[in-house]
Amino acid sequence: MARAVWKGPFVDGYLLKKAEKSRASGRNEIIKIWARRSTVLPQFVGLTFGVYNGHKFLPVLVTENMVGHKFGEFSPTRTFAGHTAQGGGDKSAERK
């Protein structure tokens, strides 16, 4: 279920402060955040955030297309190892 429009987008308060501080300094430094649930706002465009995925901080450069999405969408938490052979045998052996 989506969030009610009258409430507006959810953003952790400290995140806005960190973004304003980074933009005021003028340096393009990575802002480390743990707030995967926060919505990307237009004020964040052009900034780089280090979004924590439970293991490490993945750098995410915010673009215009990301506005309205959540930070967690751009920092995957799981690594796909591939599908295992379910048949219990070697594929090359079955062709013979």
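Nothing in this text is a laboratory measurement; each read-out follows from the coordinates by a stated rule. This structure is a prediction, so every number in the text was calculated from the model and none was measured. Note: ideal-geometry Cβ built from the backbone for every residue, glycine included; neighbour counts use all protein chains shown.
When DSSP beta bridges are restricted to pairs lying wholly in region 1-73, around 60% turn out antiparallel. Using alpha carbons only, how many degrees (0 to 90, rounded to 10) separate the axis of helix 13-25 from the longest principal axis of the chain? Between helix and principal axis, roughly 70 degrees.
So, counting K/R as plus one and D/E as minus one, what does the shell of residues with Cβ under 13 Å around R37 add up to? Don't jump to the answer; show the numbers that get you there.
On the way: positive: R3, R36, K70; negative: D12, E73.
Every neighbour counted, the sum reads +1.
I'd like the FRET efficiency for F80 and F57, computed as 1/(1 + (r/R0)^6) with the beta carbon distance as r and R0 of 22 Å, rounded to 0.05. All intermediate terms of the calculation are to be shown ahead of the outcome.
Working: r = 20 Å, r/R0 = 0.92.
With a Förster radius of 22 Å, E is 0.60.
In a simple Cβ point-charge model (Lys, Arg +1; Asp, Glu -1; nothing else charged), region 5-74 has a dipole of about 220 debye relative to its Cα centre. Site pair Y14 and A2 shows an inter-label distance of 3.0 nm when each label is modelled 7 Å from Cα along Cα→Cβ.
For a quick check of your reading of the filter: which trypsin sites (Lys or Arg not before Pro) in region 48-78 sit in a DSSP loop and have no more than 10 other Cβ atoms within 10 Å? Please report the intermediate quantities before stating the final value.
Numbers: sites: K56, K70, R78; in loops: K56, R78.
Those satisfying the criteria are K56, R78.
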